[in-house]
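The values are calculated or read from the model by the stated rules, or taken from the named source; none is laboratory data. These figures come from a predicted structure and were not determined experimentally. Cβ sites come from the backbone with ideal geometry, for glycine too, and all protein chains shown count toward neighbours. Keep in mind that these areas ignore ligands, DNA and RNA; they rest on the heavy atoms of the full protein, side chains included. Shrake-Rupley method; radii C 1.70, N 1.55, O 1.52, S 1.80 Å.
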Amino acid sequence: MNSDLATDQGESTVLVDLGDRSYPIHISTGATGRIAAAFEKTLGDTSHALLIHDAAVEPWAETLAAQIRSDTLRVDMASVPSGEPSKSIAQYEELLDWMLERGADRRSVVIAVGGGVIGDLAGFVAASFARGIRFVQVPTTLLAMVDSSVGGKTGINLSGAKNMVGAFWQPELVWIDTLAMKTLPDRSYLSGLAEVIKYGVIDDAAFFDYLESNAAALVDRDPDVLRYAIQQSCLSKARVVGEDERETSGRRAILNYGHTFAHAIEATAGYGALLHGEAVSIGMQMAASLAIQLNLCEPDVLERQTQLLQACQLPITFPAADVAAMLPVMMRDKKVAHGKLRFILPTKIGHVELVGDVDPAEVETAIRAHR
């Protein structure tokens with residue numbers, strides 16, 4: 001599987017290669033005026049767009065709607081409250097009813113404008129309305145740009161488990177304009193860097209080296225460094241998704257590096273206590289410690305990872321970690337097989353493996369190491 005990359009004057013396009021369901025990821029700075037052309041090229045036969053956006057990015061969503069609205073394209077907009085609680089059955093149902101009221105049909109297109117919450121929610125709405133209609137991702141957070149907008153995972157939460165209801169539903173187009181993050185708070189922006197660093201650890205040692213050398217510029221949101229980091233992250237994810245779209249071979253599981261710990265942290269700390277990327281940062285630390293305990297990698301993996309996370313102003317410990325409460329949450333993780341804990345663990349920078357039947361006592365030790 002090849003993920004093609006085209007570049008032109010500060011813009012690049014990554015192709016997620018899935019045969020007849022392949023789609024482009026456009027990455028740019030200040031190119032939103034050209035979204036109409038990209039939309040027309042990819043979805044030229046549509047006459048109705050349903051733009052679902054985070055309430056916090058309404059001005060950006062309105063700008064996008066104005067760009068694509070025309071005499072032949074009707075655009076309806078729906079605002080969704082910010083935050084993880086919106087990934088709920090109630091909000092999902094409300095959007096389905098709204099689409100029905102607005103006359104949506106199988107030729108309509110859902111456009112998700114916002115972070116991962118909106119992308120996951122709107123994507124699941126698109127996947128299930130009329131048994132599936134077309135879908136476009138316009139991520140507005142760094143986390144969504146490098147992770148949730150790419151790969152086709154959609155879903156909502158149950159009261160006791162995150163992302164437990166959903167579908168694989170690939171977008172037709174992903175449009176990334178880094179200017180969308182202009183008003184993103186520093187904490188939210190920095191949170192997204194955890195997922196960027198993740199790609200270096202799991203798949204690309206050279207990219208990890210680049211991040212070590214350019215951490216300060218990345219924190220400062222240097223446009224060139226930021227676009228390159230997003231591009232390389234999307235290339236990594238596109239490679240993995242192309243090899244294992246529906247998590248059947250185990251290859252796609254590497255994208256969950258640090259996430260088994262992170263989801264348990266989020267669930268036990270209460271959603272909102274930590275941003276997702278912050279939890280992933282701490283989770284990667286716990287995972288690296290677990291790998292060292294199991295003699296899978298050398299201590300320098302944790303050392304380099306720690307230094308880079310700190311350089312990107314991300315947390316590396318969670319003093320409130322409740323070991324007794326986290327383990328039961330981990331047992332509900334989708335990677336659990338036959339009641340045995342499994343983790344994505346590094347063997348070196350640039351390579352990870354799925355490790356099964358891990359002793360819970362080792363997991364507890366790894367958690368305590370980063371409290």
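List of remarks:
- Helix 299-311 and the longest principal axis of the Cα set of the chain meet at an angle near 50°.
- Here the Gaussian network model covers the chain, with springs between Cα atoms less than 10 Å apart; of Ala320, Ala311, Ala167, Ala320 fluctuates the most.
- Put a plus charge on the Cβ of each Lys and Arg, a minus charge on the Cβ of each Asp and Glu, and nothing anywhere else: the dipole of segment 149-285 about its Cα centre is then about 380 debye.
- Largest GNM mean-square fluctuation across Gly155, Gly19, Gly356, computed for the chain with C-alpha springs under 10 Å, falls on Gly19.
- Thr248 exposes around 120 Å² of accessible area when a 1.4 Å probe is run over every protein chain in place.
- Among 298-307, 171-180, the peptide with the highest mean count of other Cβ atoms within 10 Å heads the list, and the full ranking is 171-180, 298-307.
- Under Karplus coefficients 6.51, -1.76 and 1.60, residue-wise ³J(HN,Hα) of segment 360-370 in Hz, glycine/proline x: x, 4, 5, 5, 4, 4, 5, 5, 5, 5, 10
- Each Cα pair of the chain feeds into the Kirkwood radius, which the Stokes-Einstein equation turns, at 25 °C and 0.890 mPa s, into a diffusion coefficient of 118 µm²/s.
- Segment 221-327, relative contact order in percent, only Cα pairs under 8 angstrom and at least six apart counted: 23
- Placing +1 on the Cβ of every Lys and Arg and -1 on the Cβ of every Asp and Glu, with no other charges, gives segment 150-219 a dipole of roughly 380 debye about its Cα centre.
- With only the Cα atoms considered, segment 72-122 has a convex hull volume of 81 Å³ per residue.
- Entries of Lys182/Lys348; Lys153/Lys340; Lys41/Lys182 with Cα pairs more than 29 Å apart: Lys182/Lys348
- Partners for Lys162 among aspartates and glutamates (Cα-Cα distance below 17 Å; same-chain residues under 8 apart left out): Glu84, Asp120, Asp147, Glu266, Glu278, Asp333
- Axis angle, to the nearest 10 degrees, between helix 58-68 and the longest C-alpha principal axis of the chain: 50 degrees.
- In the elastic network of the chain, a GNM with C-alpha springs shorter than 10 Å, the most mobile of Ser82, Ser249, Ser28 is Ser249.
- Backbone N atoms of segment 258-298 closer than 20 Å to the 7 Å Cα→Cβ label point of Gln313 belong to residues 273-283.
- Using R0 = 41 Å, the C-beta based FRET efficiency linking Arg131 and Thr183 works out to 0.65.
- About its Cα centre, the dipole of segment 317-371 is roughly 180 debye, where the only charges are +1 on Lys and Arg Cβ and -1 on Asp and Glu Cβ.
- Acute angle (nearest 10 degrees) that the helix 205-219 long axis makes with the longest principal axis of the chain, alpha-carbon atoms: 70
- Carbon/sulfur fraction of accessible area - the chain, other protein chains in place, 1.4 Å, %: 49
- When the charge dipole of the chain is built from unit charges on Cβ atoms (+1 for Lys and Arg, -1 for Asp and Glu) and taken about the Cα centre, the candidate among Phe318, Ala264, Ile133 whose Cα reaches farthest toward its positive end is Ile133.
- When DSSP beta bridges are restricted to pairs lying wholly in the chain, around 45% turn out antiparallel.
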